[in-house]
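First comes the structure, then the notes that go with it.
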DNA sequence: ACTGAAACGAGAGCACTGCTCTTGACTGCC
DNA sequence: GGCAGTCAAGAGCAGTGCTCTCGTTTCAGT
């Protein structure tokens with residue numbers, strides 16, 4: 001689409017991408033704090049002032065990287081879930097969808113709906129594992145979106161719309177199993193939190209009991225506490241090679257949420 | 001102690017403290033990224049070069065603030081636990097320790113031992129609440145120790161010795177209830193994680209079953225996932241006033257660990 | 001009490017940063 | 001073909017972390 005453009009527009013788009021690529025490269029080497037507009041321009045063989053025609057400020061460049069990171073992480077997680085979903089369907093016999101289509105995210109969400117929770121636990125594992133893997137492969141980009149926010153930086157609306165994709169993908173994993181959650185009733189939810197949960201449920205998961213949603217919230221925050229601790233070095237003295245700690249905790253949280261223990 | 005010192009030593013100590021105070025003030029205003037050696041020196045009416053006689057580099061100044069933050073947070077949590085412990089003992093009748101001694105941390109740890117888990121759940125609440133309160137009162141200092149690590153900064157040994165104080169305080173809360181944990185057996189712990197847990201247990205909590213320790217690890221990471229999400233704005237669309245979400249989740253994790261539901 | 005050494009504060013200076021403004025060259029539409 | 005809009009480049013500003021030097025002050029050993 002839009003292949004008919006002026007040479008100037010195409011050049012601008014390409015250069016914008018090159019700037020982001022180079023900035024992402026520098027980000028991976030030294031972190032966000034050391035990302036320098038001048039260094040990016042230098043590496044690209046252009047004057048630093050020219051770069052300001054593409055990104056009005058350093059923060060805008062960072063914002064672009066943040067948005068890309070949100071997209072990449074959500075894409076990684078949803079495609080991992082889709083793969084797990086396809087595998088589960090294949091082994092379950094109803095293999096109308098070959099496992100050779102791992103790609104698209106939207107397909108994964110649709111498939112999760114259709115199969116009505118077949119292999120929800122496998123999808124849960126895939127989701128959590130994919131988030132952790134992406135975080136370990138792109139630690140600085142993870143830090144950009146889930147670490148300390150840059151000072152004085154207020155996320156624009158577009159950013160938080162991208163940020164919400166990942167929790168929605170997690171809800172997509174849990175929703176199909178909504179009818180078969182094996183969790184104890186639990187304690188009554190206090191009023192304010194109850195209305196907050198009701199608002200979420202109304203928008204995104206009407207069939208999910210409120211207590212289950214509250215448990216997903218706990219698991220959701222636990223996942224990122226765990227990953228952040230691993231990446232930021234807070235597991236040094238305890239669970240330093242964190243693979244088994246992570247896998248075991250993911251399983252514990254699946255139990256906690258009440259996901260059926262089947263394959 | 002050590003009141004007999006030269007005037008130079010006393011001046012150095014005092015100026016060191018003033019530098020840290022001013023740096024902490026600037027940290028609270030704009031965050032670690034904006035902390036400037038020159039600005040600190042300017043505010044103190046001295047040349048920036050003079051400040052380098054007290055802290056060899058900006059990172060060393062940050063390290064000092066990090067260590068102070070670890071100490072302050074652990075102090076805050078342990079004293080809150082001690083207060084809760086005292087209250088529980090007072091209401092239980094065995095009021096040999098008046099509730100008017102909230103101060104010292106060591107006293108709190110000792111008291112937690114003696115009472116053999118009386119009101120462990122109240123202590124759990126106090127611990128989690130104190131950590132959250134401190135984080136909300138000192139967001140930038142919290143970000144300093146639990147947010148994105150500064151690039152190229154490798155924590156010196158002294159720092160991680162301070163960092164371990166807080167999880168040990170949490171173990172002090174759980175340990176007295178070790179015999180009365182009401183949690184299901186759970187799944188078998190994989191080998192590597194098992195040895196990691198055994199190493200922790202051997203050092204700090206021999207009487208705690210391994211499964212219980214694994215559950216504490218989950219709760220421990222969940223707590224910081226929750227606090228980081230709140231402070232860093234990731235609860236914006238969901239549980240934005242996070243008070244009830246936090247309190248409810250803390251209670252859920254107490255259930256998860258198996259703490260008795262008594263007062 | 002005197003002296004040499006260590007510590008100290010101040011200032012200049014280096015290399016770097018984000019960002020702005022001006023200048024001149026180029027592109028693409030009318 | 002002209003002309004408005006876009007572009008890259010350079011100079012420059014105010015700020016940064018940090019180093020070096022230069023006098024001064026303070027402490028400790030004799």
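The values are calculated or read from the model by the stated rules, or taken from the named source; none is laboratory data. The structure displayed is predicted, hence computed values, not measured ones. With ideal geometry, Cβ positions are generated from the backbone for all residues, glycine too; neighbour counts draw on all protein chains shown.
Per-structure values
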read-out: Selected residue (only one of B:235, B:223 is on the phi < 0 side of the Ramachandran plot and free of Cβ contacts under 8 Å to residues at least 60 places away in the same chain); value: B:235
read-out: Pick from segment B:45-57, criterion in a helix (DSSP H, G or I) and either in the same structural domain as residue B:122 (by TED's automatic domain parsing) or out of contact with any helix residue (DSSP H, G or I) (no Cβ under 6 Å at 6 or more places or on another chain) (or both), ranking: surrounded by the fewest Cβ atoms within 10 Å (Cβ to Cβ); value: B:49
read-out: Counted residues, segment B:153-164 - those being part of a loop (DSSP other than H, G, I, E, B) and modelled with pLDDT of 95 or more; value: 1
read-out: Restricting segment A:55-75 to residues that are within 12 Å of DNA strand C (Cβ to nearest atom) and in contact (Cβ under 8 Å) with a residue 12 or more places away in the chain, the residue that is farthest from the other protein chains (Cβ to nearest Cβ); value: A:55
read-out: Residue under evaluation residue A:33, criteria (1) within 12 Å of DNA strand D (Cβ to nearest atom); (2) away from every other protein chain (no Cβ under 14 Å); (3) not in a loop (DSSP other than H, G, I, E, B), criterion not met; value: (2)
read-out: Residue within segment A:55-62 that is over 19 Å from residue A:140 (Cβ atoms), more than 13 Å from DNA strand D (Cβ to nearest atom) and more than 22 Å from the chain's Cα centre (by Cα) present; value: yes
read-out: Members of segment B:123-152 found to be facing chain A (nearest Cβ under 10 Å) and outside any helix (DSSP H, G or I), listed by number; value: B:147, B:148, B:149, B:150, B:151, B:152
read-out: Any chance residue A:155 is within 9 Å of chain B (Cβ to nearest Cβ) and within 24 Å of residue A:244 (Cα to Cα); value: no
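Let's see how each residue does on (1) at pLDDT below 95; (2) in contact with a strand residue (DSSP E or B) (Cβ under 9 Å, 6 or more places away or on another chain); (3) more than 13 Å from DNA strand C (Cβ to nearest atom):
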{"site": "B:6", "(1), (2), (3)": "yes, no, no"}
{"site": "B:9", "(1), (2), (3)": "yes, no, no"}
{"site": "B:18", "(1), (2), (3)": "no, no, no"}
{"site": "B:29", "(1), (2), (3)": "yes, no, yes"}
{"site": "B:38", "(1), (2), (3)": "no, no, no"}
